[in-house]
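Any read-out appearing in this document is the output of simple, stated calculations on the displayed coordinates, not a laboratory observation. Since the structure is predicted, the reported quantities are computational estimates derived from the model, not experimental observations. Every residue, glycine as well, gets a Cβ built from its backbone with ideal geometry; the counts of neighbours run over all protein chains shown.
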Amino acid sequence: MGLTGAGFGAGRPDGTGPAAGPGRSARLRSELRQHPSLVVGGVLAAATLIVAIAGHIAPPHNPLALSPGHALAPPGPAHWFGTDQFGRDVFSRVLYGLGMDVAIGLIVAALAFAVGCAAGLVAGYLGGWVDDIVMRVTDILMSFPSFLLALSIAVVLGNTVRNVIIAVTIAYVPYILRLTRGSVLAVRGADYVLGARAVGASRSRVMTLHVLPNTVGPSVVQATLLVGWAILDVSGLSFLGVGIQPPSPELGVQIAQGASYITSGQWWVSVFPGVAIILAVLAVNFLGDYADDKLRGRGS
Amino acid sequence: MRRYVIRRVGLAVLTLAGIVVLVFMVTHILPGNPALVQAGGYANAHTLHVIERQMGLNRSLAAQFGSYLGNIAHGNLGTSYTTGNTVAHDLLTRLPATAELAVASTILATSVGVPLGVAAGLRAGSVTDWAGRTGAIIGTSIPLYWLGLVLIVVFYGKLHIAPAPTGEVNPFAAVPPSYTHSLILDSLLSGNWPTFFDTLRHLALPAITLGIVETAPILKITRSATLEVAGSDYVRTARAYGLSRWEILKSDVLRNVAPKALTALGIVFGFLLGGSILVERIYDWPGIGLYAWNAVTTTDYDAIQGYILLVGLMYVLLNLAIDLLYAVADPRIRFGSAGGGPRNRPPPARFGRRVISPPSIERH
Amino acid sequence: MPGLQIDGLRIAIGDRDVVRAVDLAVEPGSCRGLVGESGSGKSLTALASLGLLPRAARITAGRILLGGDETVTPDRDRTGGVRGSGIAMIFQSPRAALNPVLRVGHQVERVLRRKDQHGDPRKRCVELLGAVGLGEPDKAARLYPHELSGGMCQRVMIAMGIASEPQVLIADEPVTALDVTVQADILDLLDDIRSRTGMGMLLISHDLSVVAERCESISVMWQGAIVEAGPNRTVINSPRHPFTAELVRDLANPPNVTDRPPQPLPARPADHPPAEAGG
């Protein structure tokens, strides 16, 4: 409970004082006031999701439809974001691509979280040589900047969506693994685990019922941030021509395709997809900031 | 101190060994045939065979690993089939150009990020603090390559301040002799002022691009280190004894923030290595990043492998240097005692983005 | 009657009073003990006299005077001149209270230099370190805090305290974090300094035994208010407040011997959450 003035308006901690026992909406409002990151992140995330889903279900124009007659039209009433060199409507492509990138980001984060948590749990709980090997491999993986690591793996595996997802996931697993393992080690000797073992619970039961819930917190926050990292990295890889290829409307591909027109003044092909990326990653970062605040039990 | 140094160096060596092995595994246990790529799509079986033998691909994995290790030991990273030079030569001659970018952008980012971070940390909860934190969040949400393009649109396309993004220097400039392969240094050394200034003008936008994104992690780390230090017992003691604000800032706050902020360098360097590929591609800057991108698009295996090895080596060496610098800055390590050091801190964030560190399970 | 005088001090955090109408005086040359459990507001009272309250806390009433001059009121904070010259304070965890990257001699010299621009701070520093009982003070001065034991760190802090030549020295739990064997030495040192320099001392502790012998007068603090004050004999031999009685009982008996159940304490005010066991 923070000692700052915030939050001491309605209802005191022990229930005495005015407006005792605040309802759910009052608690939500107080939470939003204390944590502006939640507000900003929530709004952005909602907007991104709505836009992305709408872009898949009902885009204004077909994102893949070529229309050579209208190539490189600047933003205007017919095409809000203009058209690209093939006459495709940039607005529709950005919406569609946003959906793609957000979906990829979520998948990568979920995979990295699952693998990292499992490996971290096992390594931390079993200890011994299992732990040693896992930690050495993790250290080596982390001895590369992760973008470059993902790049190398993606180059080796080949240029498909699936391979990019695998490559980026591999680069992120060490972060989740380390966090999980660290929490496991801290918790392992704790009393309630020893108590459970004393009562004869099997090792795996102890792991899932007792150790898991308490070690997952920081990793969940990190996984949230990973969604943003993934969007940036995957689009960065596509921009370089690795991984997802044209004519896919992935946002990084779009930016790359528009790059050659930048110097001749047709900026809209590259700029708008980037704005979409920023909004999505901002949403994730603000939500992650909020989650981190909650994790450490502090008001913003 | 000696124990600490030995431990750090030992770990670095082990990690390097691991990288060497990992790179071999990744590039040799892959689906796909390097010989096929090199031969081109129309080679017949015989030519393919010849090339395979040339590349040593017909030998056992163990034999290949053996010669791989031998080559690396001699600094032989193979030959780039696109440039025709040895990879080692290519990388070494292009490294200074990337270094120019790295140094320039880091100077920019540090001169903005550190003062802002300290100010934000000292004025926690104020507008400055909020601005700093929000700026950092925004900074880590921007795609680096997109930012580069936007800056080109604005400063070259619309405002015509910056030169065209076509490399380090305009094509008609007189190129100085290559002492260091760094155009800036070479033109400086040979007194070629027009080229020197031209290079600086070309350096501006790419350095600013990298610098903007680089500022965010520096600001975050400096801010959090300052927060921690400003709330410490020893700062309270200094205030209790009436020491001047300047003295407290200098000797208590900054002296203790510095070692913590040093970890930012590791993060920054990792970011620079990854970011250099993107920025050099956009601005056509002739560094190792552009070289790597070319290697990737032409699947020049030796070049790719050499680049990865070089990056791994640099990253490990730099982190080792930071660990040693940390020892110099923090007397607790220099004169033995608790296991401190930057490696015992939360894992380094990457690409300038934040990594969560586990809170201690004790309630504060 | 100069010295440190605290009149009716009230400190609030948020909308909760954590220090309630505290009256306290420390005469020059004398030692007053301030005893109370953790969280009773003792440290906040002390910090207020130096203007070092945490940001969330504010003074809502009362005033503090040093040597007859008003230094602290709810509207004005004139503690700038008091720090490092009128009042000196030593803290509970001495190693944490010292700057880890500066040599201890340097830290003492800084305080000396603030007090007196001329003279040789290095020489005086070595003298002081010797006076507080550090052997080979010239060598000790070149050490870093982590190379010293807790007791030695506290001696360094005391040296800093003396260096500022204060009217009053506030010692907030000076021996709580130290080994039992060292505690008596440090307390003796403080007594010695007090008698030699004539400064007043406010000795704060949760442990009555620390304060019992050495302070002529004792104030007992509970839940933010002074519930008992007087000469030490009176307070210890005839305690009036139940909390004081409890403290006195612990003084006489070792902690795990109870010969009668403790007396019930008056109900705690509503906004003080009950202390949790453990945690």
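Can you put A:PHE147, B:PHE24 in order of Cβ neighbours within 10 angstrom, beginning with the fewest? Show your work: numbers first, answer last.
Details: A:PHE147 26, B:PHE24 18.
Exposure proxy ranking, most exposed first: B:PHE24, A:PHE147.
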**Asked** For a label point 7 angstrom out from the Cα of B:GLU228 toward its Cβ, which stretches of segment B:1-31 have the backbone nitrogen within less than 19 Å?
**Response** none
**Complete:** Checking C:ASP15, C:ASP23, C:ASP120 against a Gaussian network model of chain C (alpha-carbon springs below 10 Å), the top fluctuating residue turns out to be C:ASP15
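Considering every pair of different Cα atoms, what Kirkwood radius, in Å, is found for segment B:268-326?
Numbers: mean 1/r = 0.0826 Å⁻¹.
One decimal place: 12.1 Å for the Kirkwood radius.
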**Prompt:** Straight-line reach from C:LYS123: which lysines have Cα under 22 Å away, leaving out those fewer than 8 places along the same chain?
**Reply:** C:LYS115, C:LYS139
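Take the Cβ-Cβ distance between C:ASP69 and C:ASP138 as r, set R0 to 45 Å, and report the resulting FRET efficiency rounded to the nearest 0.05.
Values: r = 38 Å, r/R0 = 0.85.
Efficiency, from the Cβ-Cβ distance: 0.75.
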**Item:** Reachable lysines from B:LYS250, criterion Cα separation under 18 angstrom, eight or more residues apart if same chain
**Value:** B:LYS260
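How big is the charge dipole of segment A:81-295 about its Cα centre, in debye rounded to the nearest 20, if each Lys and Arg gets +1 on its Cβ and each Asp and Glu gets -1 on its Cβ?
Working: 11 positive and 12 negative charges, 120 e Å.
Dipole of segment A:81-295, to the nearest 20 debye: 580 debye.
For B:SER190 and B:LEU14, calculate 0.36 nm times their separation in residues minus their Cα-Cα distance, and state this gained length in nm to one decimal.
Working: separation 176, 0.36 × 176 = 63.36 nm, distance 4.23 nm.
Extending this stretch completely gives an extra 59.1 nm.
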**Message:** Cross-link candidates for A:LYS294: which lysines have Cα within less than 20 Å, leaving aside residues fewer than 8 places away along the same chain?
**Reply:** B:LYS220
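Looking at chain C only, what percent of DSSP beta bridges run antiparallel? Nearest 5 please. Spell out each step's value before the answer.
Working: 25 of 44 bridges.
Taking every DSSP beta bridge with both residues in chain C, the antiparallel ones total about 55 percent.
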**Request:** Could I have the simple spin-label model distance between B:LEU313 and B:TRP246, label points 7 Å from Cα toward Cβ, reported in nm to one decimal?
**Result:** 4.8 nm
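Over 19 Å apart: what share of the alpha carbon pairs of segment B:204-260 falls there, rounded to a whole percent? Don't jump to the answer; show the numbers that get you there.
Working: 665 of 1596 pairs.
The calculated P(r) of segment B:204-260 puts 42 percent of pairs beyond 19 Å.
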**Prompt:** Can you give the Kirkwood hydrodynamic radius of segment A:81-295 from its Cα pairs, in Å with one decimal?
**Reply:** 18.8 Å
**Asked** Other chains near A:250-256: what is the mean number of their Cβ atoms within 10 Å of each residue's Cβ?
**Response** 2
